[in-house]
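The values are calculated or read from the model by the stated rules, or taken from the named source; none is laboratory data. All values reported here derive from a predicted model rather than from experimental measurement. Cβ atoms come from the backbone with ideal geometry, glycine included; neighbour counts cover every protein chain shown.
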Amino acid sequence: MDLNISFSEISGKLVNDPIRWHLIKKATGYLLVATFCVLAVWFTTGHLYKSLYSVNKLLTQQDSKVLAVTNAEINEILQLVSKQAELITEKPKSFGDEVQVRTERVDNPFVPLVQPKPAEKPQEKVEQTAPSPQNQLKLEGIARVGQEFLIIIADANGNSQVLSEGEVFNGWKLTKVTEKEVRLTKGKQSLMLAWEGK
């Protein structure tokens, strides 16, 4: 087996075989694209890293001094404001019955500290009226037994009773019964209840 093959023999075989030549061109193209992508990502991440983590190089020494002085002034102002807030909350003052002092956080400059006391509204007395008879009684059913009608009536507590004409339930007397409605009376009051069932 002879391993001494010259470059011209290899290139001649590749050029003469179009399938191999096409595959080599395709593989070389993919390899170049992949190499370019890797280099682009490496270059971009390197620049991003340098720009994000080298802020000190962007600031001059004079800029650093200005930032330090500004930071110190802000800290002084915050300490003064917090001391004033402590004084306000420690010593609430009263200006009489017509004015109230509200202690708010100093952070909100739009909330006034002194506001007039809201006028007290007189409480209205609500008269408790007895529930209407229609809310007290409910017609549960009507049945016809021979010539006579029987009804089932219930009160608001769930107590129920079977009545025929002339009988009394919770002080209400059953005075008239038809297939669709009943009439009950209690003293001068009269109540009509309609049957909504089948």
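Quick look at the numbers
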quantity	calculated
Residue selected from the stretch 1-49 under the condition at pLDDT below 75 and among the hydrophobic types (A, V, I, L, M, F, W, C), by the criterion surrounded by the most Cβ atoms within 10 Å (Cβ to Cβ)	Leu14
Sole exception among (1) under 15 Å from Trp195 (Cα atoms); (2) modelled with pLDDT of 85 or more for Gln134, by number	(2)
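Results for (1) at pLDDT 80 or above; (2) touching a strand residue (DSSP E or B) at 6+ places or on another chain (Cβ under 7 Å); (3) within 30 Å of Lys83 (Cα to Cα), shown as yes or no for each residue.
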position: Val106; (1), (2), (3): no, no, yes
position: Ala119; (1), (2), (3): no, no, no
position: Thr129; (1), (2), (3): no, no, no
position: Gln147; (1), (2), (3): yes, no, no
position: Asn157; (1), (2), (3): yes, no, no
position: Val182; (1), (2), (3): yes, yes, no
